[in-house]
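The values are calculated or read from the model by the stated rules, or taken from the named source; none is laboratory data. These numbers come from a predicted model, not from an experiment. Every residue, glycine among them, receives a Cβ derived from its backbone with ideal geometry; neighbour counts consider all protein chains shown.
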There are 2 protein chains.
Amino acid sequence: MDDSIDRLRLIRTESVGPLTYRRLLARFGTVRRAIEALPDLARAGGRAAALAMPSRADAERELAGLRKLGAALVFLDTPDYPSFLAEMADAPPALAVLGDVKLLATRSVGIVGARNASANGMRLAQNLAAELAPQLTIVSGLARGIDAAAHTGAMQTGRTIAVIAGGIDVPYPPEHEKLQRQIAETGAVIAEAPLGTAPLARHFPKRNRIIAGLVLGLVVIEAASRSGSLLTARLANEEGRELFAVPGSPLDPRCHGSNDLIRQGAHLTETAADVLANLPDHPARQGLARDPLFRRAGGFAEPPAPILEAELDAATLRDARRKIPPFIGPDPVQVDEIARRCQLSSAAVAAVLLELELAGRVETLPGNRVALLATA
Amino acid sequence: MDDSIDRLRLIRTESVGPLTYRRLLARFGTVRRAIEALPDLARAGGRAAALAMPSRADAERELAGLRKLGAALVFLDTPDYPSFLAEMADAPPALAVLGDVKLLATRSVGIVGARNASANGMRLAQNLAAELAPQLTIVSGLARGIDAAAHTGAMQTGRTIAVIAGGIDVPYPPEHEKLQRQIAETGAVIAEAPLGTAPLARHFPKRNRIIAGLVLGLVVIEAASRSGSLLTARLANEEGRELFAVPGSPLDPRCHGSNDLIRQGAHLTETAADVLANLPDHPARQGLARDPLFRRAGGFAEPPAPILEAELDAATLRDARRKIPPFIGPDPVQVDEIARRCQLSSAAVAAVLLELELAGRVETLPGNRVALLATA
């Protein structure tokens with residue numbers, strides 16, 4: 001319980017995102033020691049004001065609020081946390097779960113697509129989900145259109161998980177309030193954001209990466225070029241998930257993105273059999289990586305090696321703090337490149353980047369790259 | 001001229017199909033010597049009655065009929081004959097051409113699909129043909145639906161070839177009489193069947209193989225499972241032509257076959273750019289060959305090696321004529337297998353099979369196989 005409170009305080013601390021959370025634990029071993037080290041780290045990174053961190057009372061209040069709803073909080077590195085999701089470099093440090101926590105450990109497939117889907121597209125999503133649900137948990141994002149159809153179809157024959165962008169207690173979109181409740185009663189609704197969070201645009205890509213991380217494969221039905229579903233597909237591909245796409249007429253712009261996925265190697269999918277025949281037992285460690293769209297992301301960001309404090313004497317750190325910042329600009333740069341050009345060990349670079357991140361001066365991007373934060 | 005008459009007589013002789021025609025020329029060197037040898041060969045194969053062969057007057061009458069229409073007769077192994085088509089083992093020994101013979105030598109792409117096409121499918125075919133025609137000759141089969149739309153689109157911006165199943169003077173289907181005339185005036189109409197031939201079911205697969213042989217690539221738009229367009233695609237694949245298919249909704253049965261082609265490796269095609277980016281300079285010598293559908297056909301039938309008469313002394317032939325027939329039944333058998341099991345040279349086997357073919361007792365099938373003819 002104490003551990004839960006500490007974890008939650010660290011997770012909700014300003015400038016501590018999922019990657020930073022993992023780095024802090026890798027460096028300091030326990031949540032408690034990470035919390036104690038935080039003020040010094042942020043100061044060393046050049047931050048003047050103290051980092052905003054919730055008090056123990058704040059954290060206790062959030063846990064009590066979740067209990068009252070009947071929701072569980074599942075932490076990374078605990079047995080209930082879904083194992084495939086844990087393999088993502090930026091896996092959520094904690095997930096609020098309303099419904100059956102055990103469902104997160106089942107074999108699952110995602111079905112996502114256009115909010116403004118065609119009647120045929122929604123029929124396809126519903127049928128496909130109903131055909132797959134006896135064997136697989138169906139994961140989607142509770143959005144209008146394809147997502148809602150997939151959840152509905154899944155509940156006809158099996159169970160479904162809705163990953164939502166806001167807080168676990170916030171129904172969104174409003175017209176899906178009843179659907180959200182039904183899913184929580186028969187399956188599970190999960191959320192990364194704190195209680196009461198109203199979903200904003202920036203929350204949706206985070207929601208999408210959870211879908212990508214949970215599933216063995218992702219089916220895309222009706223996705224226009226540059227749509228959110230395509231971004232989910234890109235994330236899923238980066239995580240080595242199997243990609244499936246339902247073909248559609250070139251005359252319908254809602255099918256351009258999904259057709260393009262097929263062109264890039266996603267399995268052309270007409271029925272449940274197409275999915276079942278191509279679903280692996282485990283995610284692959286390499287996605288399609290055939291297309292510029294996919295290559296751009298830079299592939300898997302390997303988790304950083306644990307930092308041996310012994311390597312980091314005060315002189316080395318001082319040297320690294322002086323040398324590194326000039327190499328980081330608004331254009332993303334590879335972390336390896338910084339180490340090479342500064343002639344520093346990767347442990348020293350990681351330690352200083354952690355400080356700069358906590359100071360809010362630098363952000364980490366996919367492909368093990370960093371960039372100066374515009375707002376620093 | 002004399003040579004044309006001899007060629008036409010041999011081509012129109014009973015039991016002389018395209019493969020037999022090529023074997024006769026390979027064995028005897030000239031058409032004249034092949035004609036002289038025919039009666040003995042058929043007799044040796046076990047045929048009692050004489051082979052029906054048109055007289056010189058019959059052949060002259062056919063040539064005069066073509067001249068009157070303004071049509072040319074283009075023979076295999078002459079400069080006007082399209083070179084890619086000539087590479088097919090069973091290339092037509094002669095093609096009647098109404099229109100511009102030179103068009104047969106241009107780079108071309110086929111567009112085929114459902115007769116009962118959707119309005120969207122026909123719009124796609126017409127647009128695609130119009131986009132491609134400035135750079136490529138568009139080849140199709142003058143059928144209702146996709147074929148007609150492709151020809152029509154092609155004539156908006158370029159030129160088109162219609163390959164028809166009946167005689168060059170027979171409009172089919174009747175409602176395309178005007179379209180057929182327009183194509184002949186601006187492009188070319190070609191036919192393998194003799195003048196006056198009304199197209200029957202068995203003529204359409206032969207027409208399809210000519211389309212497959214003429215083109216660098218074939219685009220399939222709306223093809224149901226087990227449709228004629230899929231058979232054309234299979235033939236095109238066997239000839240190493242590039243395959244393209246336009247995707248469509250899994251809810252439309254007219255798209256199942258074309259979607260399946262994509263699943264098997266055909267290029268997913270939405271616009272002309274998809275075709276142009278994947279069209280080779282020359283046909284490949286190997287098709288997709290990934291799927292049972294395609295594998296079943298047994299790949300390329302290599303043209304038989306020329307027979308050295310020296311190898312075929314009378315004793316060897318007598319021996320081969322006695323040994324081979326028991327090995328051929330209604331189930332197709334590999335020619336190589338016959339040679340191995342009878343312990344005969346492939347030249348001896350080829351010589352005897354030619355006799356059996358001319359006697360109407362055996363037919364040659366794709367994949368260098370032969371079978372007993374049911375009607376023998």
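Structural remarks
- A:Ala201 being within 21 Å of the chain's Cα centre (by Cα), buried (at least 18 other Cβ atoms within 10 Å of the Cβ), within 30 Å of A:Leu63 (Cα to Cα) and more than 14 Å from chain B (Cβ to nearest Cβ): no
- Count of the range A:145-159 residues which are touching a strand residue (DSSP E or B) at 6+ places or on another chain (Cβ under 6 Å) and either within 13 Å of A:Val246 (Cβ to Cβ) or modelled with pLDDT under 95 (or both): 2
- Within the range B:238-280, the set of residues being more than 11 Å from chain A (Cβ to nearest Cβ), closer than 26 Å to B:Met88 by Cβ and among the hydrophobic types (A, V, I, L, M, F, W, C) comprises B:Leu243, B:Phe244, B:Val275, B:Leu276, B:Leu279.
- Subset of the range B:273-292 (residues that are at pLDDT 80 or above and in a helix (DSSP H, G or I)): B:Ala273, B:Asp274, B:Val275, B:Leu276
- Cβ pairs under 7 Å, 6+ apart, first in the range B:81-100 and closer than 14 Å to B:Asn208 by Cα, second modelled with pLDDT under 95 and charged (D, E, K, R): B:Met88/B:Glu239
- Subset of the range B:109-135 that is more than 14 Å from every other protein chain (Cβ to nearest Cβ), touching a residue at least 40 places away in the same chain (Cβ under 8 Å) and surrounded by fewer than 24 Cβ atoms within 10 Å (Cβ to Cβ) - its residue that is farthest from B:Ser229 (Cα to Cα): B:Gln135
- Members of the range A:26-51 that are in contact with a Pro (Cβ under 9 Å, 6 or more places away or on another chain) and either at pLDDT 95 or above or in a helix (DSSP H, G or I) (or both): A:Ala26, A:Arg27
- For the range A:323-376, a residue qualifies if it is among the aliphatic types (A, V, I, L, M) and in a loop (DSSP other than H, G, I, E, B), and the qualifying residues are A:Ile324, A:Ile328, A:Leu344, A:Ala359, A:Leu373, A:Ala374, A:Ala376.
- Hits in the range B:105-156 - residues which are hydrophobic (A, V, I, L, M, F, W, C) and at positive phi: B:Leu142
- Of the strands (runs of 3 or more DSSP E) lying entirely inside the range A:67-144, the ones with 3 or more residues being over 30 Å from A:Ala26 (Cα atoms), of a type outside the set (Phe, Trp, Tyr) and modelled with pLDDT of 95 or more are found at A:108-113, A:137-140.
- Of the criteria (1) surrounded by 23 or more Cβ atoms within 10 Å (Cβ to Cβ); (2) in contact with a helix residue (DSSP H, G or I) (Cβ under 6 Å, 6 or more places away or on another chain); (3) within 14 Å of another protein chain (Cβ to nearest Cβ), which one A:Ser225 fails: (1)
- Note on the range A:325-360: residues that are over 20 Å from A:Leu38 (Cα atoms), touching a strand residue (DSSP E or B) at 6+ places or on another chain (Cβ under 9 Å) and either in contact (Cβ under 8 Å) with a residue 24 or more places away in the chain or of a type in the set (Asp, Glu) (or both) total 10.
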